[in-house]
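To start, the structure under review is shown below, and the notes come after it.
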Amino acid sequence: MLEPGGTSMIKLDDKNRVIMPPKTRPSLAGGVYLAKGQDKCLYLYSKPQFDAQREQNRLNPPPGMPPIAFKRMFFSSVVFQNMDKQGRVLVPFKLREYAGLVRDLALIVLEDWIEIWDAASWEAYEAVYGPMYAQLFEEG
């Protein structure tokens, strides 16, 4: 199980690998599943997390598109990768292209998965939703 929290600003190396933060590595030791995510980011799951997500998709497909279409789009993008001894995971071309990953990345650890963003895209997302989030906590 991942310990949620934190944003790591990292770089894609010359061999198109991301270096996972040390705190995430024990949960990812059995390999990872990468998939296209919402808002042009990538989702990274451990094997148990991916199995849980697959079951969630089976029981409760997201509204807005036929369930079979969602399954085809999601699962056709899934790639399994092993993490090497240095904690690096290869990001295949098709997924890098989808998410616009070139060099500078933001890695966000959520409850059950990790998101990999192009750093500029993450900053733009924060610029839109950061003020909305902050407003939730303002006394009015």
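The figures follow:
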| quantity | calculated |
| --- | --- |
| Modelled FRET efficiency - R0 35 Å, Val128 with Lys85, Cβ distances, 0.05 increments | 0.35 |
| Stokes-Einstein diffusion coefficient of the stretch 7-135, Kirkwood radius over Cα pairs, 25 °C, 0.890 mPa s, in µm²/s | 160 µm²/s |
| Per-residue HN-Hα couplings for the stretch 72-77 [Karplus 6.51, -1.76, 1.60; θ = phi - 60°; Hz; x = Gly/Pro] | 4, 5, 5, 6, 5, 9 |
| Residue-averaged 222 nm ellipticity for the chain, from DSSP H runs of 4+ at -39500 (n - 2.57), nearest 500 | -11000 deg cm²/dmol |
| Protection-proxy order for peptides 14-21, 55-62, 29-36, 130-137, each taking the mean of Cβ atoms within 10 Å per residue, highest first | 29-36, 14-21, 55-62, 130-137 |
| Rounded to whole Hz, the Karplus (6.51, -1.76, 1.60) HN-Hα couplings of the stretch 102-119, x for glycine and proline | 10, 9, 7, 10, 10, 10, 10, 8, 9, 4, 10, 7, 10, 10, 10, 10, 5, 4 |
| Environment charge at Arg103 (Cβ cut-off 13 Å; Lys +1, Arg +1, Asp -1, Glu -1) | 0 |
| Those lysines that a straight Cα-Cα span of less than 22 Å connects to Lys85, excepting residues fewer than 8 apart in one chain | Lys11, Lys15, Lys23, Lys47 |
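Throughout, read-outs are computed from the coordinates displayed, never taken from laboratory work. Bear in mind the structure is a predicted one, so any value in this text is a computation, not a measurement. For neighbour counting, all protein chains shown are included, and Cβ atoms are generated from backbone atoms with ideal geometry for every residue, glycine included.
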